[in-house]
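Here's the structure we're looking at; comments come further down.
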Amino acid sequence: MPKKALVIVESPSKAKTIQKYLGREFIVKASVGHIKDLPKNKLGVDPKKGFQPDYQVIPAKTKVIEELRKASKLVPALYLATDPDREGEAIAWHIQEELKARGKKFHRVLFNAITKPSVLEAMAKPQELDVAKYHAQQARRILDRLVGYKISPLLWDKVKRGISAGRVQSVALRLIVDREAEIKKFVPEEYWLVEAVFSKDGIDFKTKLFKTNGKDPELPNKEVVDELLKALKGTEWKIDSIEQKERSRKAAPPFITSRLQQDAARKLGFSAKKTMTIAQHLYEGIDLGDSGTHGLITYMRTDSVRIEPNAIISVREFIEKQYGKKYLPTEPNVYKSKKSAQDAHEAIRPSSLEFTPEKVQHFLDKDEYRLYLLIWNRFVASQMNPAIYDQTAVDVVTVDKRKNTQQFRATGSVIKFPGFTAVYQEGRDESDKSEAESENALKLPPIQPGDTVDNRSITPSQHFTQPPARYSDASLIKELEEKGIGRPSTYASILSNIQDREYVEKRENRYYPSELGTVVTELLVASFPNILNSEFTAEMENQLDDIEDGKADWKKTLSKFWKPFEKTLETAKKQMKNVKRQEVPTDIDCEKCKHKMVIKWGKLGSFLACSNYPECKNTQDFKKDDQGTIVIVPKEYTDKKCEKCQNPMVVKSGKFGKFLACSDYPNCKFTQAITIGIHCPICQDGEIAQKQSKFRRIFYSCNQWPKCTFAMWDKPIEKPCPQCKFPLLTEKITKRAGLMHKCPQKECGYIDIIDPDYGKNPLPEPEGATEVA
């Protein structure tokens with residue numbers, strides 16, 4: 001049967017799904033991402049020749065292009081169905097360049113959702129390739145290449161090889177470094193709060209000091225509080241006012257990319273990268289058994305809150321049927337996207353309300369289900385009525401012995417009608433918790449303004465102001481979005497990059513800058529103030545948007561950036577501080593020769609070295625406490641002896657993790673890998689050691705390498721295989737199978753499922769799962 005056309009998408013899983021929708025008349029292939037890029041070993045852009053990029057076929061994609069070329073010869077037309085964003089447009093453009101042939105027709109199709117109706121509708125309305133969108137992507141790529149390839153070698157020379165700078169990532173890193181500096185400079189200030197319990201007719205109610213003579217009370221220390229307590233003794237207390245009012249809270253709009261990442265971090269504990277990876281799977285298609293393969297959500301890279309009319313009709317019908325008419329607004333809720341939003345794609349929502357979370361749960365893994373439930377609930381809630389609260393405030397006043405009017409207030413609110421909160425409530429950062437609705441009921445006696453009440457107790461409490469919180473995934477994404485740094489589609493890669501390059505570390509879901517990240521940021525801020533300026537970066541993003549909208553020329557935009565950047569770069573080459581040569585004096589004595597130690601910079605960061613080098617080569621590791629004081633890290637001695645000189649071996653850290661070294665270094669330079677106490681099953685002489693690859697992936701190998709080449713990725717356990725009698729098994733944990741033991745011999749195939757639920761938390765109850773009357 002002759003084929004009508006070749007349809008090219010990005011991912012193989014999406015290709016399978018779309019092939020089922022289109023049938024045998026079409027050939028559906030995947031490009032597997034980008035097929036061309038700037039070269040790795042050179043700049044690949046010539047600013048003197050109009051910034052013409054030297055795009056080259058990615059070596060790993062040569063076979064992919066050959067397959068696409070062969071398939072294209074069998075059809076008269078090609079439909080380029082890569083993702084509907086800038087990156088997808090660039091991929092489509094490069095595919096067209098590689099497959100261009102006389103008489104061949106190219107069409108661009110955009111799939112906002114991978115469902116049969118959406119795919120067939122898009123195929124029926126093909127478009128032309130969007131040159132403006134391609135130029136916007138190309139300008140971004142060239143900007144990033146110019147910054148990265150020009151600044152990074154400078155950092156190699158001044159700090160250490162292998163590190164990098166990025167036009168957007170360096171600004172994000174600066175936020176974290178600046179926040180850490182704020183925390184270290186922060187000086188806590190004492191303040192006091194005063195609570196009072198009043199009573200009437202045997203019913204108590206709690207209040208807080210709200211105003212003094214109509215102004216916020218100033219209680220900086222215990223002395224002031226004690227004077228206040230003395231002045232309040234024996235005074236008469238009266239009800240000044242009782243205010244009751246009805247408040248409403250509207251639902252949040254459906255998710256855009258950044259808000260999905262923030263709420264998934266707050267509610268599910270997902271990193272931005274994990275959120276986008278799972279969302280990609282949900283978009284591209286899930287096998288739903290007898291129902292076939294369907295994309296469950298719309299395209300997940302969007303900053304628009306727009307919803308298609310048909311989807312609004314469907315969700316309103318669902319709300320009325322599931323929750324009742326009182327939860328359905330008279331007219332659909334309408335939300336406005338921000339000015340900078342690219343309105344080409346609608347908000348993130350379920351692609352079809354036919355596939356409820358309960359219906360598809362069996363076909364999803366735990367995390368896929370949790371994210372789908374989050375997207376589902378947010379979308380449904382967005383078209384529901386507001387929540388209604390009854391809020392009460394009661395003021396109790398007295399005139400103290402110093403003739404000051406002291407006003408104490410009790411507040412509380414009770415939900416009157418749950419509205420959208422029956423389904424969904426937006427997550428909040430710790431710093432925003434005070435903004436949350438207080439839903440505590442206020443139990444009051446029968447009182448009226450002017451009534452006298454009894455004072456049961458007055459209790460002061462001491463507090464101290466807190467420094468700003470370190471950034472979490474959610475709060476950092478929120479900050480990036482508010483400052484216009486990057487775009488929502490880039491946040492996941494930004495956060496991932498600064499961690500992978502060890503500029504920051506994550507502890508208890510908070511970002512801490514590493515010493516390397518701090519040093520690099522300080523150098524870049526001093527030498528490239530514009531590049532590290534959030535306003536400058538945000539303006540560049542606006543200019544890229546203008547290119548996409550056809551309002552700006554991409555070459556002129558690049559030229560405007562390049563000319564001042566080139567001058568700054570030349571100045572930085574001459575003036576940037578060389579950390580490698582820097583020595584910071586200390587008051588610490590060398591334990592070997594009693595000369596003073598100095599702080600130097602090496603491949604693994606800073607360390608203490610004797611100032612009497614090279615006569616004395618003593619070095620010591622150190623760290624700094626919260627006050628910046630140097631604390632020497634004591635050497636970690638082991639019970640192992642050096643095989644060459646019999647001195648004790650110590651644990652040290654290197655480029656590839658921890659290892660054993662002779663304590664008599666530099667006189668003896670013997671080193672050894674740290675073993676896990678299991679003999680090598682191949683050579684029998686060596687022991688298995690845990691090591692780290694250059695990509696920081698843990699693996700296990702014989703410590704007699706290169707004499708013995710035994711190595712494996714999975715963790716070995718000292719237990720023979722019951723099937724083939726191999727001396728050990730490996731331990732592996734997967735999402736679907738849980739904890740398992742398996743034989744490392746491929747030809748054996750032995751697997752023992754130890755705990756299928758290992759590492760799996762119980763699924764959360766869907767929000768709003770309780771019945772609503």
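Projecting the Cα atoms of I297, N455, W705 onto the charge dipole of the chain (Cβ charges, centred on the Cα centre) puts W705 farthest toward the positive pole. Across the accessible surface of the chain, with the other protein chains kept in place and a 1.4 Å probe, carbon and sulfur atoms take up 49 percent.
Taken over segment 415-566, the alpha-carbon convex hull comes to 269 cubic angstrom per residue. Helical runs assigned H by DSSP (4 residues or longer) give the chain a calculated mean residue ellipticity at 222 nm of -9500 deg cm²/dmol, each run adding -39500 (n - 2.57) before division by the residue total. Treating each Cα of segment 1-157 as one equal point scatterer and applying the Debye formula with no solvent, the log10 of I(q)/I(0) at q = 0.13, 0.14, 0.19 Å⁻¹ comes out as -0.64, -0.72, -1.17. A simple spin-label model places pseudo-atoms 7 Å from Cα toward Cβ; at C593 and I676 they are separated by 4.3 nm.
Computed over segment 239-306, the quotient of the alpha carbon radius of gyration and 2.2 N^0.38 Å is 1.74. State log₁₀ I(q)/I(0) for segment 69-204 at q = 0.15 Å⁻¹ as given by the Debye formula over alpha-carbon point scatterers of equal weight, solvent excluded. For the requested q values the scattering log ratios are -0.92.
Can you tell me the mean projection area, over all orientations, of the convex hull of segment 442-508's alpha carbons? Units nm², please.
Working: hull surface 41.0 nm².
It is 10.3 nm².
With R₀ set to 45 Å, the beta-carbon distance separating D46 from Q723 gives a calculated FRET efficiency near 0.15.
Compute the orientation-averaged projected area for segment 152-250 from the convex hull of its Cα atoms and round it to one decimal in nm². Numbers along the way, then the final one.
Numbers: hull surface 57.3 nm².
Spelled out: convex hull of the Cα atoms, projected over all directions, averaged, 14.3 nm².
The simple spin-label model puts a point 7 Å past each Cα toward its Cβ; for K644 and H463 those points are separated by 6.2 nm.
Between K321 and A737, full extension at 0.36 nm per residue minus the direct alpha carbon distance yields a gain of 146.0 nm. Among 292-305, 174-187, 17-30, sorting by the average number of other beta carbon atoms lying within 10 angstrom of each residue, highest first, gives 292-305, 17-30, 174-187. Expressed as a whole percent, the proportion of Cα-Cα pairs in segment 46-115 lying more than 16 Å apart is 57%. Taken along the Cα-to-beta-carbon direction at a fixed 7 Å, the label points for I632 and D549 span 6.2 nm.
The residues of segment 127-258 expose, per residue, 50 Å² of accessible area to a 1.4 Å probe.
Remark: C-alpha extents of segment 179-314 on the principal axes read 77, 46, 27 Å, sorted largest to smallest. Taking Cβ atoms as reference points and 13 Å as the exclusive limit, the residues near Q462 contribute a net charge of -4, counting Lys and Arg as +1 and Asp and Glu as -1. For the chain, what ratio Rg/Rh do Cα atoms give with a Kirkwood hydrodynamic radius? Rounded to two decimals, Rg over Rh is 1.02. Divide the volume of the convex hull around the Cα atoms of segment 320-381 by the residue count and you get 120 Å³ per residue. Which value in Å does the Kirkwood hydrodynamic radius of segment 592-723 take, with 1/r averaged over all unlike C-alpha pairs and then inverted? Roughly 17.1 Å, rounded to one decimal. Quick one: net charge of H741's neighbours, Cβ under 11 Å, K/R +1, D/E -1? Taking every other residue near H741 into account, the sum is 0.
Given in Å, the Rg to one decimal and the Dmax to the nearest whole number for the Cα atoms of segment 373-430 are 19.3, 59. Here segment 1-152 is assigned +1 on the Cβ of each Lys and Arg and -1 on the Cβ of each Asp and Glu. Its dipole about the Cα centre then comes out at about 420 debye.
The length gained by stretching the chain between F417 and A124 to full extension, at 0.36 nm per residue less their Cα-Cα distance, is 100.9 nm. Measuring r between the beta carbons of V187 and M712 and using R0 = 41 Å, the FRET efficiency lands at 0.20.
Semi-axes of the equivalent ellipsoid for segment 266-345, computed as √(5λ) from the eigenvalues of its C-alpha gyration tensor and ordered from largest down, come to 25, 21, 14 Å.
Electrostatic bookkeeping for S241 treats Lys and Arg as +1 and Asp and Glu as -1; over the other residues with beta carbon under 14 Å from its beta carbon, the sum is 0. If the chain linking C748 and S653 were pulled fully straight, counting 0.36 nm for each residue of separation and taking away their Cα-Cα distance, it would gain 30.5 nm.
If I take R0 = 60 Å and measure r between the Cβ atoms of K567 and V334 in this structure, what FRET efficiency does the formula 1/(1 + (r/R0)^6) give, to the nearest 0.05? About 0.80, to the nearest 0.05.
The values are calculated or read from the model by the stated rules, or taken from the named source; none is laboratory data. Predicted model only: the values in this text are computed from it and were never measured. Quick reminder, even Gly has a Cβ in these numbers, built from the backbone with ideal geometry, and neighbours come from all protein chains shown. Areas reflect the complete protein model, heavy atoms only, side chains present, ligands, DNA and RNA absent. Shrake-Rupley method; radii C 1.70, N 1.55, O 1.52, S 1.80 Å.
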